[in-house]
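Undergrad: Here you go, one structure.
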Amino acid sequence: MDVIIRNAKVVNEGQILKLDVLISHERIQRIAPPGVLDPQKKYTEIDATGLYLLPGVIDDQVHFRDPGLTHKGSLLTESVAAVAGGITSFMDMPNTIPNTLTQELLEEKYRMAAEKSVANYSFFMGISKNNLEEALKTDTENVCGITDDGLYFNNDDGILANYPDFLEQLFSRTDTLVALHSEDDAIIKANTQKFQLQYGDDIPFFYHSLIRDTQACLSATERVLKIAEKYNTRLHLFHISTLAEAKLFDNHTSIREKRITAEACVHHLWFSDADYERLGSKIKWNPSIKTEQDRKGLMQLLLNNSIDIIATDHAPHTIAEKAGNYFQAHSGGPLVQHALLAILELFHRGEIPLEKVVEKMSHNVAEIYRIKERGYIREGYFADLVLVDLNNEQEITTNSLLYKCEWSPFLGQVFKSSINATFVNGNLVYEKGSVMTDIKGKRLRFEKIR
């Protein structure tokens, strides 16, 4: 039966308007002022009075750990957490086991997602020293892009940003979007040795921000940008964490015309190095969380369009894997269930307008990746939607977590907002704490030319 969402405050394309939205056969059939859609016709009606209707969040950087690392998370568990957090589509990284370095392994992940994922999905093709020709076969209409994120270039050594000769080969030949993690391995190694001489293996977690410091990020990002500009490569930079890096990006060109784009992650917009004392390894990420000046600067450059989108870099580990000394504690953490709530909290604090939240978490992600018929509330588009209540406080407790790893850096945080309902392809998959897992998401499709 058709579903009509009535009296919602629709946040879309720079406006907030009170509208009714009719969903039929997976798509948004009609958008109209309240009372225009035929009240005599039989609909399943949702009264959204007082609620805000947003396009579903599209998260372009997650690590759902499936296959091979499913003790941390799986396509089922993490997609359930995602839709509970208002994320309706995700793009997953290649550092599963085995690493996604062949087209056959890539397609196997799509087959798994079709059976498991409640949200829509895409998977990056991995790139390393030995699979350039295989990576160049990637189908731009059916795969989000090529990345090295989470992988090593050569066995256990280095990331791609540190190998300019290989970048020259890749950038000169690919017509696919390339997304990279950008830090300088040599600077990180030298900083690590310096603090290890002082503290041994028990380096305080605060120093993570000084080991993976601003210069490590800036040096690598400048190197990568120089090569990408040489070849006019369609490049996307993951998780920019410093104000210095953010200043490198263009904020004059329209989003669809940009050849180089960049993102900030939720944790870099929320936490600062002052939080290491309280949270320790729970906020150990790569790149590291840095200063309050960097946090505020990233937000400012997000608002002025130097930074284009917001992502999560959701990377769950078990609580045991996050324990131990500096070298034992794994980097990364779970975020998809609370990413939208955290950014909405920044809205409440006056740091970002609601219209910009939607632009940076939905509209621009669709534009950057040229995702077909998603990312907006438009007639004819897939009905990927999230209803949020901006005035319904909730505290994050262990019992409320849906991650397989069963912890969150937001435990104890009280958010002013809550997710009321999430629709994926017109199907109600989450409502007030309950997740419906019987209907699965779809493979994302893309424009051929990016």
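The values are calculated or read from the model by the stated rules, or taken from the named source; none is laboratory data. Computed from a predicted model, the values in this text were never measured in an experiment. Here the Cβ is made from the backbone with ideal geometry for all residues, glycine too, and neighbour counts use every protein chain on show.
Undergrad: Going by the structure shown, is Asn399 part of a strand (DSSP E or B) and over 27 Å from His236 (Cβ atoms)? Steps first, answer last, please.
TA: Working: part of a strand (DSSP E or B): no; over 27 Å from His236 (Cβ atoms): yes.
When the stated conditions are applied, Asn399 does not pass them.
Undergrad: Which residues, taken from the stretch 213-228, are out of contact with any helix residue (DSSP H, G or I) (no Cβ under 7 Å at 6 or more places or on another chain), closer than 12 Å to Leu167 by Cβ and in contact (Cβ under 8 Å) with a residue 12 or more places away in the chain? Show your work before the answer.
TA: Filtering the stretch 213-228 for residues out of contact with any helix residue (DSSP H, G or I) (no Cβ under 7 Å at 6 or more places or on another chain) gives 222, 225-226.
Imposing the further condition that a residue be closer than 12 Å to Leu167 by Cβ reduces the set to 225-226.
Once the filter is applied, which keeps residues that are out of contact with any helix residue (DSSP H, G or I) (no Cβ under 7 Å at 6 or more places or on another chain), closer than 12 Å to Leu167 by Cβ and in contact (Cβ under 8 Å) with a residue 12 or more places away in the chain, the stretch 213-228 yields only Leu225.
Undergrad: Which residues, counting only those in the stretch 236-285, are of a type in the set (Ser, Thr, Tyr), without any contact (Cβ under 8 Å) to a residue 24 or more places away in the chain and buried (at least 17 other Cβ atoms within 10 Å of the Cβ)?
TA: Ser272
Here is a yes/no grid of residues against (1) outside any helix (DSSP H, G or I); (2) farther than 26 Å from Gln293 by Cβ:
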position	(1), (2)
Lys137	yes, yes
Ser172	no, yes
Ile188	no, no
Gln198	no, no
Gln215	no, no
Val224	no, no
Glu229	no, yes
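Undergrad: Being of a type in the set (Asp, Glu), in the same structural domain as Leu101 (by TED's automatic domain parsing) and not in a loop (DSSP other than H, G, I, E, B), is that true of even one residue in the stretch 156-163? Walk me through how you get there before you give the answer.
TA: Residues of the stretch 156-163 that are of a type in the set (Asp, Glu), as a first pass: 156-157.
With in the same structural domain as Leu101 (by TED's automatic domain parsing) added as a condition, the list becomes 156-157.
From what's left, not in a loop (DSSP other than H, G, I, E, B): 157.
Checked the stretch 156-163: at least one residue is of a type in the set (Asp, Glu), in the same structural domain as Leu101 (by TED's automatic domain parsing) and not in a loop (DSSP other than H, G, I, E, B).
Undergrad: Quick check on my filter: what residues within the stretch 99-132 are in a loop (DSSP other than H, G, I, E, B), touching a Leu at 6+ places or on another chain (Cβ under 6 Å) and more than 17 Å from Ile146 (Cβ to Cβ)?
TA: Result: Ser117, single match.
Undergrad: For the stretch 135-144, check the following and say yes or no: at least one residue is over 28 Å from Gly56 (Cα atoms), of a type outside the set (A, V, I, L, M) and at pLDDT below 95. Reasoning before the result, please.
TA: Of all residues in the stretch 135-144, those over 28 Å from Gly56 (Cα atoms) come to 135-137.
Those still in the list that are of a type outside the set (A, V, I, L, M) too: 137.
Retained after the next criterion (residues that are at pLDDT below 95): none.
For the stretch 135-144, residues over 28 Å from Gly56 (Cα atoms), of a type outside the set (A, V, I, L, M) and at pLDDT below 95: absent.
Undergrad: Could you tell me how many of the residues in the stretch 299-312 are over 19 Å from Ala366 (Cα atoms) and buried (at least 24 other Cβ atoms within 10 Å of the Cβ)?
TA: Here the count works out to 0.
Undergrad: Let me ask something additional. Say whether the condition of being out of contact with any strand residue (DSSP E or B) (no Cβ under 9 Å at 6 or more places or on another chain) and either in contact (Cβ under 8 Å) with a residue 24 or more places away in the chain or not assigned by TED's automatic domain parsing to the domain that holds Leu303 (or both) is met by at least one residue in the stretch 16-34.
TA: Here is the first cut: in the stretch 16-34, the residues out of contact with any strand residue (DSSP E or B) (no Cβ under 9 Å at 6 or more places or on another chain) are 25.
From what's left, either in contact (Cβ under 8 Å) with a residue 24 or more places away in the chain or not assigned by TED's automatic domain parsing to the domain that holds Leu303 (or both): 25.
Yes.
Undergrad: Please specify each residue of the stretch 14-57 satisfying the condition of being within 18 Å of Gly86 (Cβ to Cβ) and not β-branched (Val, Ile, Thr).
TA: Here is the first cut: in the stretch 14-57, the residues within 18 Å of Gly86 (Cβ to Cβ) are 16, 21, 23, 28, 46, 48, 50-57.
Result: Ala48, Gly50, Leu51, Tyr52, Leu53, Leu54, Pro55, Gly56.
Undergrad: Under the condition of being surrounded by 23 or more Cβ atoms within 10 Å (Cβ to Cβ) and of a type in the set (Asp, Glu), which residue from the stretch 40-67 is farthest from Arg30 (Cα to Cα)?
TA: Ranking the candidates gives Asp66 first.
Undergrad: Return yes or no: is His348 surrounded by fewer than 19 Cβ atoms within 10 Å (Cβ to Cβ) and either outside the structural domain of Val10 (by TED's automatic domain parsing) or under 17 Å from the mean Cα position of the chain (by Cα) (or both)?
TA: Values: surrounded by fewer than 19 Cβ atoms within 10 Å (Cβ to Cβ): yes; either outside the structural domain of Val10 (by TED's automatic domain parsing) or under 17 Å from the mean Cα position of the chain (by Cα) (or both): yes.
Spelling it out, His348 is indeed surrounded by fewer than 19 Cβ atoms within 10 Å (Cβ to Cβ) and either outside the structural domain of Val10 (by TED's automatic domain parsing) or under 17 Å from the mean Cα position of the chain (by Cα) (or both).
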